[in-house]
Amino acid sequence: MKIYFEDYKLNEIVEIPPHLIEADEMINFAKLYDPRPMHLDEKAASKTQFKYIFASGLFTLSFAWGKYVEMIKDDSAIVAGMGIDDLSWIKPVYAGDTLRSTLEVIELVDLAPRNVGTIKIQFKTYNQKDELVLQAKVKWMSQKRK
């Protein structure tokens, strides 16, 4: 079943199931997209305030969004992403952490007479201790039912 603009409700909260973060997925992402020593090398990471290899913030963002897309099986009417605001990484993510996310619909704008609307959500990701590790406001355009 396709998820259209009208299917989103203001203040609705969607829970994304938890997922265990593996060292390999974290490090492989860093090798390709954020190859800084603290994301790749235990010795380099030990010299930081974090003490251990930790995930790139971009990994955490990509991971969290990817789990949402996986959950809805991309069976949505999303036309295009429009932006990310107020993105912040609050705590580091380590291999062995279990992350879960929530999405709260905070804005719906019907762009009538066009057959689209915009959706803005507050995206939050937590670790296994229920500590907030990431938050952002994400906006996209979605088709309406015809």
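Where a number appears in this text, it was derived from the coordinates with a stated rule and is not lab data. Everything numeric in this text was worked out from a predicted model, so none of it was measured. Virtual Cβ from ideal backbone geometry, glycine too; neighbours counted across all protein chains shown.
Summary of values
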read-out: Folded to 0 to 90 degrees: helix 23-33 orientation relative to the chain principal axis, Cα; value: 80
read-out: Check: the stretch 91-146 dipole with +1 on Lys, Arg Cβ and -1 on Asp, Glu Cβ, in debye; value: 340
read-out: Estimated dipole of the chain in Debye, rounded to 20 [Cβ of Lys and Arg +1, of Asp and Glu -1, Cα centre]; value: 280
read-out: Ranked by how many other beta carbons lie within 10 Å on average, peptides 62-71, 31-40, 94-103, 78-87 from highest; value: 94-103, 62-71, 31-40, 78-87
read-out: Reach of LYS137 by Cα under 20 Å, taken over aspartates and glutamates that are not fewer than 8 positions away in the same chain; value: GLU6, ASP7, GLU12, GLU15, GLU70, ASP74, ASP85, ASP86, GLU104, GLU107, ASP110
read-out: Gain on full stretching of the segment that runs from ILE13 to ASP34 - 0.36 nm per residue minus C-alpha separation; value: 4.4 nm
read-out: Under 15 Å from the LEU58 label point (7 Å along Cα→beta-carbon), backbone N, the stretch 124-146; value: none
read-out: Lys/Arg +1, Asp/Glu -1 at C-beta; the stretch 5-143 dipole; positive extreme among GLN49, ALA80, PRO17; value: GLN49
read-out: Linear extension gain, ASP110 paired with ILE3, 0.36 nm per residue minus alpha-carbon span; value: 37.0 nm
read-out: Degrees, to the nearest 10: 57-71 long Cα axis against longest axis of the chain; value: 40
read-out: Relative contact order of the stretch 5-143, pairs being alpha-carbon contacts under 8 Å that are 6 or more residues apart, as %; value: 30
read-out: Inverse of mean 1/r across different Cα pairs in the stretch 15-111, Kirkwood, Å; value: 15.1
read-out: Estimated 222 nm signal from helices in the chain, with DSSP H stretches of n ≥ 4 weighted -39500 (n - 2.57), rounded to 500; value: -6500 deg cm²/dmol
